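Below is one structure, written out as structure tokens; comments come after it.
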Amino acid sequence: MRSLEREIGKVFRHVAVRVAEQPETTVHIDAAGLAEILGQPKYENEVAMRTSVPGVATGLAWTPVGGDILFIEAAKAPGKGSLILTGQLGDVMRESAQAALSLIKNRAAGLGIDTGVFERSDIHIHVPAGATPKDGPSAGVAMFTALYSLLSGRTVRGDTAMTGEISLRGLALPVGGIKEKVTAAARAGLKRVLLPARNRRDYDEIPEDTRNSLEFVWLEDVDGAISAAFDPQNQAQPALEPVN
């Protein structure tokens with residue numbers, strides 16, 4: 001809040017100088033004029049930046065101090081089918097990653113993915129902010145979506161975040177911390193959240209202003225995640241093979 005007060009103070013001082021120079025002046029400051037006073041924006045839209053390439057999905061996490069968004073990044077490199085996990089993941093999230101990879105392998109042919117890619121490549125799943133330990137059964141849907149994005153060449157919608165665990169049958173399983181996670185999505189400027197259908201019972205716990213600012217998509221399975229997480233105009237493209 002101190003930083004916000006300093007920035008507001010800069011605006012007031014700018015206005016004060018203008019009025020002192022021209023006492024009859026009426027000064028109106030809008031969003032477009034802030035760059036002249038405060039300089040260029042210091043922060044980029046991280047969600048839009050990260051999800052602009054295939055292989056990245058925006059997940060939602062619960063923390064002891066509230067919810068947070070969580071980026072799941074997937075990449076592939078020449079190899080023999082190994083799964084590499086980085087980002088201080090706990091045992092539960094590692095199991096989620098393995099389940100997501102097994103599920104995508106099992107459904108590869110139906111999803112239009114070359115099944116041979118798993119024999120020729122190592123798959124790397126990374127969750128940034130590695131200094132923060134991350135665990136809990138809530139990232140399976142996002143991990144599956146990131147893998148599908150990588151292997152199909154489709155980019156995940158930049159306005160969408162998701163949470164939910166998966167089963168090897170592809171079901172979207174309910175998770176906890178929905179209120180905190182959805183609030184974090186709204187705070188980050190996202191417009192849509194994908195939640196397991198069995199978490200509908202948590203809807204009423206979400207603050208009304210947050211509910212009104214978001215579109216909710218209720219998932220029964222990972223097929224629903226694929227339908228909802230990608231722009232229909234963004235059709236699957238052959239994924240580039242790793243360069244030796």
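Quick rundown of the values:
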item	result
Filter result (in contact (Cβ under 8 Å) with a residue 40 or more places away in the chain and among the aliphatic types (A, V, I, L, M)) within segment 192-216	193, 194
Where residue 84 falls short, out of the listed (1) in contact with a strand residue (DSSP E or B) (Cβ under 6 Å, 6 or more places away or on another chain); (2) closer than 27 Å to residue 199 by Cα	(2)
Residue under evaluation residue 58, criteria (1) within 22 Å of residue 172 (Cα to Cα); (2) not in a strand (DSSP E or B), criterion not met	(2)
Inter-residue pairs, beta-carbon under 7 Å, first among the basic types (Lys, Arg) and in segment 167-188, second in a helix (DSSP H, G or I), 6+ apart	179/202; 179/205
Residue selected from segment 96-128 under the condition in contact (Cβ under 8 Å) with a residue 24 or more places away in the chain and either more than 22 Å from residue 156 (Cα to Cα) or polar (S, T, N, Q) (or both), by the criterion surrounded by the most Cβ atoms within 10 Å (Cβ to Cβ)	96
Complete set of residues in segment 61-89 that are at pLDDT 80 or above, in a loop (DSSP other than H, G, I, E, B) and within 22 Å of residue 188 (Cβ to Cβ)	87, 88
So residue 53, is it under 30 Å from residue 10 (Cβ atoms) and either modelled with pLDDT under 80 or part of a loop (DSSP other than H, G, I, E, B) (or both)	no
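The values are calculated or read from the model by the stated rules, or taken from the named source; none is laboratory data. Computed from a predicted model, the values in this text were never measured in an experiment. Ideal geometry is used to build each Cβ from the backbone, glycine not excepted, and the neighbour counts take in all protein chains shown.
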